[in-house]
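Asks: Quick one: structure below, then a few questions.
The values are calculated or read from the model by the stated rules, or taken from the named source; none is laboratory data. Since we're looking at a predicted model, the values are computed, not measured. No Cβ is skipped: glycine too gets one built from the backbone with ideal geometry, and neighbour counts run over all protein chains shown.
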Amino acid sequence: MQKSKVIVICGPTASGKTALSIELAKRINGEIVSCDSMQIYKDMNIGTAKPTIEEMQGIKHYLIGYVSPEERYSVADYKRDAKKAIKEILEKGKMPIVVGGTGLYIDSLIYEIEYQDMKLDEDYRRKLEEEVQEKGLEIVYEKAKKIDPKAIEKISPTDKKRILRILEIYHATGKTKTEQEIESRKKEVEYDYKVYALNWDREKLYDRINKRVDMMIEEGLIQEVEQILKKYDTFPTAMQGLGYKEVVDYLNGIYTKEEMIEKIKMETRRYAKRQLTWFRKNKQTIWLNAEEDIQNNIKIILEGIN
């Protein structure tokens, strides 16, 4: 039986995925499934560059702003929710378009990776958090590197959440994250995923990132963080996200406003570089020149799916 087609549009942050996907959805009667590990959270709009109602232009979007920032949300959760959304779109006779820059989420779909939903060992998590406090994240990063050198290649030395996850997986299962992924890829892929990625000249992309950060500050990112901190009783997990943790540090007097802005820009540029490296490993990806006219790129996509 022929598999249903699903379009995937990925690429680094600030590369123009939103604009391209909305134009494409309008052309082909599509609906969009977000594939962004930060846009899933409620109340976090500016710092995650969530598309506004105006930007969506009447196109239905799934998996945006539906998880509390206090909740832990796993790749397994995402895969389940994304599959449900894709099925719903197909049942309406529309074309699903998965859009985002979270490589792990995209891989869970296009390679049908089954991530085990592990029960979190709170004591072990607390022990790791204490170790980070006492000895620094670098020590814990090195520990994770020894256990799973392949998985750590894709993770920034400052990405505490994912570093701890490598150690938690090994602690809970006795297997590394990499071993689990290899074992879980044996299932047949449910849909015919057509994967496209937006490519930019690096300097131009970095310039777009810098401008976007300035715009986020102007639009009220600092006020957004203050409101979130007031609203939730516990310190939200999502506040560890890029752009948010730097504002929290600024509010705690660790950085001046200028230092905070530069730090966000630098970390976002680094993140974009890691995203590009990640997507280049996916052999089935078709690269689009992001500097081309949107209509030209839509033409390439349409030729690829027909």
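The rows are residues; the columns are (1) of a type in the set (Ser, Thr, Tyr); (2) free of Cβ contacts under 8 Å to residues at least 24 places away in the same chain; (3) exposed (fewer than 13 other Cβ atoms within 10 Å of the Cβ).
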site	(1), (2), (3)
Asp121	no, no, no
Arg126	no, yes, yes
Pro149	no, yes, yes
Lys154	no, no, no
Leu198	no, no, no
Lys204	no, no, yes
Ile209	no, no, no
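Asks: Which ones in region 55-93 are part of a loop (DSSP other than H, G, I, E, B) and among the hydroxyl-bearing types (Ser, Thr, Tyr)?
Replies: Those that are part of a loop (DSSP other than H, G, I, E, B) and among the hydroxyl-bearing types (Ser, Thr, Tyr): Tyr66, Ser68, Tyr73, Ser74.
Asks: Oh, and also: If the requirement is being closer than 21 Å to Gln284 by Cβ and acidic (Asp, Glu), which of these qualifies: Asp36, Asp81?
Replies: Going through Asp36, Asp81 in turn, just one is closer than 21 Å to Gln284 by Cβ and acidic (Asp, Glu): Asp36.
Asks: If you go through region 127-180, how many residues are modelled with pLDDT of 85 or more, hydroxyl-bearing (Ser, Thr, Tyr) and assigned to a helix (DSSP H, G or I)?
Replies: 1
One line per residue, one yes/no per condition, for (1) out of contact with any Gly (no Cβ under 6 Å at 6 or more places or on another chain); (2) in the same structural domain as Arg270 (by TED's automatic domain parsing); (3) within 20 Å of Glu131 (Cα to Cα); (4) basic (Lys, Arg):
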site	(1), (2), (3), (4)
Pro157	yes, no, yes, no
Lys161	yes, no, yes, yes
Arg165	yes, no, yes, yes
Ile169	yes, no, yes, no
Gly174	yes, no, no, no
Glu179	yes, no, no, no
Tyr193	yes, yes, no, no
Ala197	no, yes, no, no
Asp201	yes, yes, no, no
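Asks: Within region 253-267, is even one residue closer than 17 Å to Ser156 by Cβ, in the same structural domain as Thr13 (by TED's automatic domain parsing) and part of a loop (DSSP other than H, G, I, E, B)?
Replies: no
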